[in-house]
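Note sheet for the following structure.
The values are calculated or read from the model by the stated rules, or taken from the named source; none is laboratory data. This structure is a prediction, so every number in the text was calculated from the model and none was measured. Here the Cβ positions follow ideal geometry from the backbone for every residue, glycine too, while neighbour counts run over all protein chains shown. Only protein heavy atoms, including side chains, enter the accessible area calculation; ligands, DNA and RNA are left aside. Shrake-Rupley method; radii C 1.70, N 1.55, O 1.52, S 1.80 Å.
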Amino acid sequence: MEVLNFLESTAVATWVRESLSLWAFPTMIALHAIGMAVLVGLNVAICLLLLSSKPRAPMASVQTFFWFIWLALAVNVVSGTLLLMANATELLVLPVFYIKILFVILSVIVLLKLQQGVATEVNYADADLSQKRLRILSVMCLSTWMIALVAGRLTAYPMLLFGH
Amino acid sequence: MQALTTLVGHYDWLWPLCEIIHFMGLILLVGTVGLIDLRVLGIARQLPLVFLYRLVPWAIFGFILCLLTGLVFILGDPFKTPMDTLTKLTFQIKMLFVAVGLINALIFEYYSDFRQLSQVEGFNDEAPKKIKIIAGTSLFVWLSVVYLGRMLPYGDSFYFIFYW
């Protein structure tokens, strides 16, 4: 608990939490929402494309979109860290918060695998095997992001999960 | 309307569930529309647009999810009247941006030759400048909608924009 109190008492955490400035808490939370929309949105769109492509789209070319996904992830890591520091004693005691972080990490691992799969798709000798693998990864990615999203929203409603 | 307010007040989980569905809707909308916009702007040129147009029904589905849950937020809030929300400047600007986003999408869908031309498989021509302006506007508008939506709980805090 001392560590959490220390995190909350740092100058940057105090500024994010207590400043009346639009650039403090509201902007951090808005950046987190925009980052999430781009990160998860583009990721979901690519997964849906992989799951729907018949006849197959030249998926190797979607690699370029991953730059935007990684940029959005960076925005969310920075804004998320600042938001977490500002409310460390509230968030880091919630089991649902750890579920969110666990599934975000899992989603990013699946996303990396998906990017590798898409990049090497053209080199696969067996196109059907490659497509099947990409489809499995897409379903995994959609599932892990959905759980992370639900857990993330529920961090705002701890009383719903643990009673009043 | 009173029945909806009572329902939301009675079931604690209904409001967070609507928020989760609203987030999922915006992820579908921003992700699929964003992917098409980025492609029109020249990203991943090897990927024919005809493949990406398969995502349009998902964008419409996402918009419908946001619209329905958005109505719950306006009409079913047990602590606010609909007028409280409708008279908020942030909400009004958000709705203005939603309208611009929809009109922009309709112009692209029904009044541009490019949409018809790019329907052909193998079409990889660069989009004309006016079409790129439509795609850029779409990206800006939908990300702004996410931003304004997240700012709604903080009131019309634009007044604090120059306060650090």
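Before moving on, here are some points about what is shown:
- Computed with a 1.4 Å probe over protein heavy atoms only, the accessible surface of the protein assembly as shown comes to 51 Å² per residue.
- On the beta carbon distance between B:Glu121 and B:Ile60, with R0 = 30 Å, the FRET formula returns roughly 0.85.
- Tail fraction, Cα-Cα pairs, chain B, threshold 21 Å, whole percent: 53
- For the range B:2-163, the relative contact order is 32 percent, taking Cα pairs closer than 8 Å that sit 6 or more residues apart in sequence and dividing their mean separation by the residue count.
- Calculated over the protein assembly as shown: convex hull of Cα atoms, volume per residue (Å³): 150
- Straight-distance candidates among the lysines for linking to B:Lys88, with alpha-carbon spacing under 18 Å and chain neighbours fewer than 8 residues away dropped: B:Lys80.
- B:Tyr53-A:Glu2 FRET efficiency (beta carbon distance; Förster radius 45 Å; 0.05 resolution): 0.20
- Mean separation of Cα pairs under 8 Å and 6 or more residues apart, divided by the residue count, gives chain A a relative contact order of 30 percent.
- With respect to chain A, whose longest principal axis is taken over its alpha-carbon atoms, helix A:95-120 is tilted by about 30°.
- Each Lys or Arg adds one and each Asp or Glu takes one away; over the other residues whose Cβ falls under 12 Å from the Cβ of A:Leu149, this sums to +1.
- Kyte-Doolittle at least 0.5, axis length at least 30 Å by Cα - qualifying DSSP helices, chain B: B:14-40, B:89-110, B:129-151
- On full extension, the segment bounded by A:Thr89 and A:Ser19 gains 23.4 nm, given 0.36 nm per residue less the C-alpha separation.
- FRET efficiency for the B:Ile133 to A:Ile147 pair, using the beta carbon distance and R₀ = 56 Å, is estimated at 0.90.
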